[in-house]
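Working notes for the structure below.
The values are calculated or read from the model by the stated rules, or taken from the named source; none is laboratory data. Bear in mind the structure is a predicted one, so any value in this text is a computation, not a measurement. Cβ atoms come from the backbone with ideal geometry, glycine included; neighbour counts cover every protein chain shown.
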Amino acid sequence: MWPTSRRSQPPLALSVPLSRFTPRVGGGSAFYVRFLSMNASLKYLAFVLVLNCFASSVFGDTAEDLYTNGIANAAKGDFGGAVADFSKAIELRPDYIEAYNKRGIAKQSEGDSDGAIADFNKCVQLNPTFVKAYNNRALVRQAKGDLDGALADLDKAIKLNPNLA
């Protein structure tokens, strides 16, 4: 039973009939009733999701959001969409090395070897110790038949990370 009070009535939330919350056109009360019936962790999760949607609509996507979208598109095989997302991320953060690297991989998957090499070159320019760029550029150079360039990149990658040998 409910804790007794002076009037010995159930708590206010239970004393209000649910018929008061019937959905109406243009009203959001059905969502409100569902929200009230959620446990605390689900309410928190719903709040975070709504806040995230609001923030994205007000402030736009961040470079990290676009990068994540690019990875999702690449995983689905939509390399054109991935390149577009990585490019937008790079517009927002021109020093985003991982976005250049992933865009290079996506370009190679589309058959744009020269564009891929340009992106891997940019990675190396931004961070000369970025081993992934040397590895990926070596793979593209090998596919293009530039075996000397591929070997040079692999040598550099092994010098930076001997565990790759």
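Observations
- Considering each residue of the stretch 90-101 in turn, at least one proves to be polar (S, T, N, Q), touching a residue at least 12 places away in the same chain (Cβ under 8 Å) and closer than 24 Å to Thr62 by Cβ.
- When Leu164, Leu92, Leu126 are checked against the criterion of being out of contact with any Lys or Arg (no Cβ under 7 Å at 6 or more places or on another chain) and farther than 21 Å from Glu64 by Cβ, Leu164 stands alone in meeting it.
- Residue in the stretch 73-114 that is nearest to the chain's Cα centre (by Cα), counting only those that are of a type in the set (Gly, Ala, Ser) and under 21 Å from Thr129 (Cα atoms): Ala99
- Residue list for the stretch 103-123, filter: crowded, with 17+ Cβ neighbours inside 10 Å and either among the acidic types (Asp, Glu) or over 27 Å from Asn69 (Cβ atoms) (or both): Asp112, Asp119
- Answer from Lys122, Lys159 - the residue that is touching a residue at least 12 places away in the same chain (Cβ under 8 Å) and not hydrophobic (A, V, I, L, M, F, W, C): Lys122
- Inspection of the stretch 111-119 finds no residue satisfying the criterion of being without any contact (Cβ under 8 Å) to a residue 24 or more places away in the chain and in contact with an Asp or Glu (Cβ under 8 Å, 6 or more places away or on another chain).
- Within the stretch 127-151, the set of residues being in contact with a helix residue (DSSP H, G or I) (Cβ under 7 Å, 6 or more places away or on another chain), surrounded by 15 or more Cβ atoms within 10 Å (Cβ to Cβ) and aliphatic (A, V, I, L, M) comprises Val131, Ala133, Ala138, Val140, Ala150.
- Those helices (runs of 4 or more DSSP H) lying entirely in the stretch 107-165 with at least 1 residues of a type outside the set (A, V, I, L, M, F, W, C) and in contact with a Cys (Cβ under 8 Å, 6 or more places away or on another chain): 131-144
A quick yes/no check of all residues on (1) at pLDDT 95 or above; (2) over 29 Å from Asn161 (Cα atoms):
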site	(1), (2)
Ala46	no, yes
Val50	no, yes
Ala84	yes, yes
Ile90	yes, no
Lys107	yes, no
Asn121	yes, no
